[in-house]
Amino acid sequence: MRLELHKLPIENVCWGERTHVKDRTLVIDREKALAVVSGDSRFASASLELARPGESVRIIPVKDAVEPRCKLEGPGEVFPGVLGHAPRTVGEGKTLVLEGAAVLTCGSIVAFQEGFVDMSGPGAAYTPFSETQNVVLMVEPREGLDQHEYEAALREAGLKLALHLARECKDTPAEKVEVFDLPSVGEVQKAHPELPGIVYIFMCITQGLLHDTYLYGADVKQTLPALVHPNEIMDGALISGNCVSACDKNTTWHHVNNPVVAELYRRHGVDLNFLGVIVTPESTTLAGKERATWYNAKLAAQLGARGAVVSEEGYGNPDTDLCMNAKKLEDLGIPTVVISDEAAGTDGKSQGLADATPEMTAFISTGNVNEMIEVPPMERVLGHPEAIAHLSGGADESLRKDGSMYVELQSVIGSTNELGFSRIGCRWI
Amino acid sequence: MAYRVVCYINQFFAGMGGEDTAHVPPEFRPEAVGPAAQLDQLLGEEATVVGTIVCGDSYYGEHLEEARKTCLELIKKAKPDLVIAGPAFNAGRYGVACGDIAAGVTQELGIPGITGMFEENPGVEMYREKCYILKAADSARGMRTSLPLMAAFGLKLLKKEALGTAEEESYFSRGIRKNFFHAENGAVRGIRMLLQKIAGEPFATEYEMPVFNKIPPAPPVKDLTKATIALCTSGGIVPFGNPDKIRVSSAESYGVYDIGELEDLNASNYESIHGGYDRVWANEDPDVVLPLDVMREMEKEGVYGKLYSKVFCTTGTGTAVAHAERFGREIGEQLKEAGVDAAILTAT
């Protein structure tokens with residue numbers, strides 16, 4: 001399977017008469033872009049704002065982030081199986097990427113577990129979205145709209161807007177083209193039989209309403225683990241539909257920019273053979289956990305894997321899925337590395353996991369979600385600053401009169417991302 | 001003005017002798033004695049050793065409370081900004097004394113205290129969580145590497161410079177996890193670690209597996225029809241309005257609520273504040289998480305004796321295990337005191 005990512009680097013964003021990219025600036029026809037989402041009867045209101053790196057802006061509460069992408073050539077469309085797109089497999093042909101741009105969905109709170117983004121100041125260092133040119137979609141739900149419908153509406157609106165922006169820029173030739181070509185497992189192993197074959201076990205939050213992930217539009221909690229090609233992930237086959245804790249939710253932006261996929265691709269044919277990605281649910285039941293983790297280990301063995309990397313999403317309950325995956329893979333003789341964050345308490349003195357297993361000998365830490373940070377007031381707040389009281393990592397006293405906040409790191413979107421996207425990690429002191 | 005440093009050494013390093021003088025009680029000398037003199041030089045112009053406490057190892061070990069009290073009083077009078085004890089290398093009694101002094105000044109006087117020990121010194125495990133214990137060799141032959149390390153680290157503390165990890169600063173970690181930024185992202189580190197693991201090469205995990213305390217279950221209730229049963233939940237069910245402001249996640253407290261007069265939980269008297277699950281149905285009927293209604297029915301039917309009049313509630317998401325253990329101990333004590341025979345814990 002061969003996919004070309006045609007990238008247009010975006011270094012600025014502004015409003016203009018026609019949506020296009022010029023000199024690395026994403027110019028947006030505000031009215032036309034808003035029309036893409038404002039017709040949704042589930043919203044009482046919708047508006048668009050811009051937030052650029054370095055500005056004194058806080059965005060709160062942020063639910064999802066989406067990178068503007070669309071197909072230029074090849075079968076299907078990005079975000080297959082949703083927005084009315086056929087669930088046609090993707091990952092081939094050419095895909096346009098507005099690299100450095102992001103659509104952030106924001107609005108009055110859906111549930112507890114959304115987060116905030118600071119575009120400057122000390123909080124900015126913890127989130128990738130302080131470095132992206134952001135188009136912020138702010139909506140208010142229609143009165144009486146059910147939480148679950150509101151979540152779905154906001155999810156779809158973010159995808160629609162990101163797709164729209166990319167499609168409007170189709171005529172601009174890409175500045176760079178990156179090729180991702182990974183043939184069948186048999187061919188991969190034949191080309192470099194001496195290299196270890198590696199599978200990536202990609203755990204996704206699937207705990208039920210407001211904590212779900214969708215693969216080709218299928219609700220992952222109702223599926224068995226699925227073997228997917230990494231290119232499918234880059235074409236938006238996997239979508240975040242969750243309001244899990246902001247720090248370690250995989251936003252849709254993170255999915256298409258999965259750093260484990262990127263690193264396995266980079267080392268493929270050099271010192272490893274990339275065998276594929278197994279998208280697996282994090283079930284809320286023991287039977288579900290057993291079924292998924294046995295199936296993951298079986299798939300890894302079936303593919304002839306000699307190593308596995310497992311990434312978690314969320315903390316607490318899914319720590320058990322993480323342990324079960326590591327144990328079953330190791331029991332089959334497949335060396336395993338896990339990537340996870342820790343909940344070590346605000347003082348850092350508590351054990352960081354809700355579950356443990358001696359087989360989990362190779363652990364990559366993506367930080368303590370409970371560590372406290374102080375963020376100064378921002379000149380401009382997009383959204384609802386008082387929402388911090390209800391976010392995981394926030395409390396009634398978090399927001400001070402001057403607009404500064406004293407919060408747990410977990411309230412920052414993407415701060416302890418367990419795909420290993422950022423450089424943060426826990427160390428002993 | 002230079003920072004003031006007080007050192008602590010034993011009788012041997014003060015040149016008073018070995019076992020024969022190990023019983024000498026603590027004394028303060030207004031000068032830098034033995035290794036303290038070398039530390040004074042290493043600290044340079046920025047800090048000065050203003051005095052040295054000398055104490056016999058046997059004395060300290062045999063009069064722990066008294067020795068600590070005397071030493072801390074002597075130290076307090078000298079008004080130091082930093083206390084350096086030892087290094088004690090692998091000397092057990094000396095290590096305990098150094099750890100006790102460094103921990104004592106840190107905790108009781110609020111003055112940073114540091115010491116140095118070999119990894120097998122019993123003082124390491126006893127005091128590592130209470131003060132900085134820098135890594136040292138197993139004998140005084142390591143003095144030349146140990147003293148510069150302690151002086152440099154001491155100056156960092158005095159100047160309140162940003163500290164690196166325990167490994168980078170070469171001290172025994174105090175058991176605290178702290179966020180740092182690595183040079184590479186987690187995915188890059190992870191794939192490298194995996195290839196090392198596959199190849200059988202050494203690698204350093206970034207988190208050693210914690211060891212869980214195993215709690216033996218209580219013996220079964222002998223006669224349910226006479227038993228008083230309590231309800232506890234980590235499902236975030238609290239009286240409407242969350243009067244104790246229990247956090248939606250990472251809770252550091254729990255609430256105790258009187259349900260003696262209540263027959264049923266409903267949307268107007270109780271609610272869910274839990275930040276980790278979809279609360280729509282729990283808010284419509286909090287009994288689905290904290291089953292007061294069913295417990296009342298069974299109480300009337302005589303299935304069990306009596307429902308305890310109080311419920312214990314917290315949120316169990318992102319909650320540090322250390323806090324959860326404390327909640328459990330405290331709630332258990334309260335239940336025991338109230339003569340409760342059994343408890344039902346509901347989770348979400």
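At 1.4 Å probe size, with no ligands or nucleic acids counted, give the accessible surface of B:F89 in Å², nearest ten.
The accessible area of B:F89 comes to roughly 10 Å².
First measure r as the distance between the Cβ atoms of A:H384 and A:H20, then evaluate 1/(1 + (r/R0)^6) with R0 = 35 Å and state the FRET efficiency to the nearest 0.05.
Details: r = 32 Å, r/R0 = 0.93.
Efficiency, from the Cβ-Cβ distance: 0.60.
Take the residue pairs A:K176/A:K328; A:K32/A:K176; B:K222/B:K310 and return only those whose Cα atoms are more than 31 Å apart. Show your work: numbers first, answer last.
Working: A:K176/A:K328 42 Å; A:K32/A:K176 28 Å; B:K222/B:K310 22 Å.
In this structure, A:K176/A:K328 lie more than 31 Å apart at Cα.
Suppose each label sits 7 Å from its Cα in the direction of the beta carbon; what would the B:K69-B:F240 distance come out to in nanometres?
Label at B:K69, label at B:F240, 5.7 nm between them.
List the chymotrypsin sites (Phe, Trp or Tyr not before Pro) within region B:287-333 that DSSP assigns to loop and that have no more than 15 neighbouring Cβ atoms inside 10 Å. Show your work: numbers first, answer last.
Values: sites: B:Y304, B:Y308, B:F312, B:F327; in loops: B:Y304.
Nothing satisfies the criteria.
What whole number of Å gives the distance from the Cα centroid of region B:191-265 to the Cα centroid of region A:57-116?
Result: 36 Å between the Cα centres.
From the backbone phi of region B:109-124, what are the Karplus-calculated ³J(HN,Hα) couplings (6.51 cos²θ - 1.76 cosθ + 1.60, θ = phi - 60°) in whole Hz, Gly and Pro given as x?
Result, rounded to whole Hz: 9, x, 10, x, x, 10, 8, x, 8, 7, 4, 8, 5, x, x, 4.
Please state the equivalent ellipsoid semi-axes for chain B: what are the square roots of 5 times the Cα gyration tensor eigenvalues, largest first, in whole Å?
Listed largest to smallest, the semi-axes of chain B are 54, 26, 19 Å.
Hey, with R₀ at 22 Å, roughly what FRET efficiency would B:T165 and B:V211 work out to, going by the Cβ-Cβ distance, to 0.05? Spell out each step's value before the answer.
On the way: r = 22 Å, r/R0 = 0.99.
So the FRET efficiency works out to roughly 0.50.
How many Å³ per residue does the convex hull of the Cα positions in chain A occupy? Kindly include the intermediate steps, with their values, before the conclusion.
Values: hull volume 58.5 nm³, N = 429.
In chain A, the Cα hull volume divided by residue count equals 136 Å³.
So what's Rg/Rh here for region A:273-429, counting alpha carbon atoms and using the Kirkwood radius for Rh?
Over the Cα atoms of region A:273-429, Rg/Rh equals 1.06.
Which residues does a label at A:H148 reach in region B:267-306, if reach means a backbone N under 16 Å from a point 7 Å past the Cα toward the Cβ?
Label zone hits: B:277-285.
Using only the alpha-carbon atoms of region B:57-125 as identical scatterers, what base-10 log of I(q)/I(0) does the Debye formula give at q = 0.11, 0.17 Å⁻¹?
So the normalised log intensities work out to -0.23, -0.54.
Quick one: which residues, 5 or more positions from A:A101 or on another chain, have an amide H under 5 Å from its amide H? H modelled 1.01 Å from N in the peptide plane, none for Pro or chain starts.
Those lying under 5 Å, H to H, from A:A101 are A:I10, A:Q133.
Taking the Cα centre as origin and putting +1 on Lys and Arg beta-carbons and -1 on Asp and Glu beta-carbons, what dipole magnitude results for region A:167-315, to the nearest 20 debye?
340 debye
Projected area of the protein assembly as shown, taken from the Cα convex hull and averaged over every viewing direction, in nm²?
Working: hull surface 155.0 nm².
For the Cα atoms of the protein assembly as shown, the hull's average projected area reads 38.7 nm².
Which percent of Cα pairs goes in each bin when the distances of region A:169-267 are cut into 5 angstrom slices starting at zero?
Using 5 Å bins, I get a P(r) of 2, 10, 19, 20, 17, 12, 11, 7, 2 for region A:169-267.
What does the charge count near B:N90 come to, summing +1 for each Lys or Arg and -1 for each Asp or Glu among other residues with Cβ under 14 Å from its Cβ?
-2
May I ask you to give the percent of accessible area on the protein assembly as shown that is carbon plus sulfur, with a probe radius of 1.4 Å? Before the final figure, lay out the partial values.
Working: 15980 of 30570 Å².
In the protein assembly as shown, the share of accessible area belonging to carbon and sulfur is 52 percent.
Using each residue's phi in region B:250-260, evaluate 6.51 cos²θ - 1.76 cosθ + 1.60 at θ = phi - 60° and report the 3J(HN,Hα) Karplus result to the nearest Hz, with x for Gly and Pro.
Each residue's phi maps through the Karplus curve to give 6, 4, 10, 8, 9, x, 10, 10, 7, 10, x Hz.
Roughly what would the spin-label model give for A:R88 and A:E194, points 7 Å off Cα along C-beta, in nm?
4.3 nm
Work out from phi, with θ = phi - 60° and the Karplus expression 6.51 cos²θ - 1.76 cosθ + 1.60, the ³J(HN,Hα) of each residue of region A:367-373, listed in order in whole Hz, and give x for Gly and Pro.
Coupling constants for region A:367-373: x, 8, 5, 8, 4, 7, 10 Hz.
Rounded to two decimals, what is the ratio between the C-alpha radius of gyration of region A:213-309 and 2.2 N^0.38 Å?
Numbers: Rg = 13.9 Å, N = 97, 2.2 N^0.38 = 12.5 Å.
In units of the 2.2 N^0.38 Å rule of thumb, it is 1.11.
Quick one: in region B:137-199, what % of C-alpha pairs are over 17 Å apart?
Values: 1204 of 1953 pairs.
Cα-Cα pairs in region B:137-199 separated by more than 17 Å: 62 percent.
Based on alpha-carbon centroids, what's the gap between region A:392-428 and region B:266-290 in Å, whole number please?
Region A:392-428 and region B:266-290 have Cα centres spaced 26 Å from each other.
Quick one: ranking A:E17, B:E201 by accessible area, 1.4 Å probe, largest first, what do you get? Provide the component values of the computation, followed by the final result.
On the way: A:E17 175, B:E201 95 Å².
Highest to lowest solvent-accessible surface, that is A:E17, B:E201.
Looking at the calculated P(r) for region A:312-398, what percent of the C-alpha pair distances fall above 19 Å? Please report the intermediate quantities before stating the final value.
On the way: 1924 of 3741 pairs.
I get 51 percent for the Cα pairs in region A:312-398 exceeding 19 Å.
In region A:184-228, if every C-alpha pair distance is counted and binned at 5 Å from zero, what percent goes to each bin?
That works out to 5, 18, 22, 13, 11, 11, 11, 7, 2, in percent per bin.
FRET efficiency for B:T48 and B:L109, Cβ-Cβ distance as r, R0 = 22 Å, nearest 0.05?
That gives a FRET efficiency of 0.70.
Divide, for region A:225-273, the radius of gyration over alpha carbons by 2.2 N^0.38 Å, where N is the residue count.
Numbers: Rg = 12.5 Å, N = 49, 2.2 N^0.38 = 9.7 Å.
Computed over Cα atoms of region A:225-273, the ratio equals 1.29.
So how far, in whole Å, is the C-alpha centre of region A:243-261 from the one of region B:155-186?
A separation of 28 Å, based on Cα centres.
Taking the highest mean first, how do the peptides A:151-163, A:278-290 order by number of other beta carbon atoms within 10 angstrom per residue?
Values: A:151-163: 23.7, A:278-290: 18.7.
Ranking, from highest mean packing down: A:151-163, A:278-290.
Can you give the mean number of other chain Cβ atoms that lie within 10 Å of the Cβ atoms in peptide A:204-213? Walk me through the numbers before you get to the answer.
Details: counts 0, 0, 0, 3, 2, 4, 4, 3, 0, 0.
Across A:204-213, the average partner-chain Cβ count within 10 Å equals 2.
Using only atoms on other chains, find how many Cβ atoms lie within 10 Å of each Cβ of peptide B:200-207 and report the average. Intermediate values should be presented prior to the final figure.
Working: counts 1, 0, 0, 3, 1, 8, 12, 18.
Counting other chains' Cβ atoms within 10 Å and averaging over B:200-207 gives 5.
Let me test this: with uniform point scatterers at the alpha carbons of region B:224-331, what is the Debye-based log₁₀ I(q)/I(0) at q = 0.24 1/Å?
Debye curve over Cα of region B:224-331, log10 I(q)/I(0) at q = 0.24 Å⁻¹: -1.29.
What residues does region B:241-258 have that are buried by at least 50 Å² of accessible area in the full protein assembly compared to the chain on its own, 1.4 angstrom probe?
B:R247, B:V248
Once the Cα atoms of region B:1-141 are picked out, what are the Rg and Dmax in Å?
Over region B:1-141's Cα set, Rg and Dmax evaluate to 13.4, 40 Å.
Which of the peptides A:410-420, B:143-153 is most tightly packed, and how do the rest follow, judged by the mean count of other Cβ atoms within 10 Å per residue?
Numbers: A:410-420: 29.0, B:143-153: 18.9.
By packing density, highest mean first, the sequence is A:410-420, B:143-153.
To the nearest whole number, what is the average tally of beta carbon atoms from other chains within 10 Å of the beta carbons of peptide A:365-372? Present the calculation step by step, with values, prior to reporting the outcome.
Numbers: counts 9, 8, 6, 5, 4, 8, 3, 0.
Counting Cβ atoms of other protein chains within 10 Å of each residue's Cβ and averaging gives 5.
For B:Q41 paired with B:L224, estimate the spin-label separation in nm (one decimal), with each label point 7 Å from Cα along the Cα-to-Cβ line.
If labels sit at B:Q41 and B:L224, their model points lie 7.9 nm apart.
The values are calculated or read from the model by the stated rules, or taken from the named source; none is laboratory data. Source: prediction; values computed, not measured. Note that each Cβ is placed from the backbone with ideal geometry, even for glycine, and that neighbours are counted across all protein chains shown. For the accessible areas, the whole protein counts, side chains as well, though only heavy atoms, and no ligand, DNA or RNA atoms are used. Shrake-Rupley method; radii C 1.70, N 1.55, O 1.52, S 1.80 Å.
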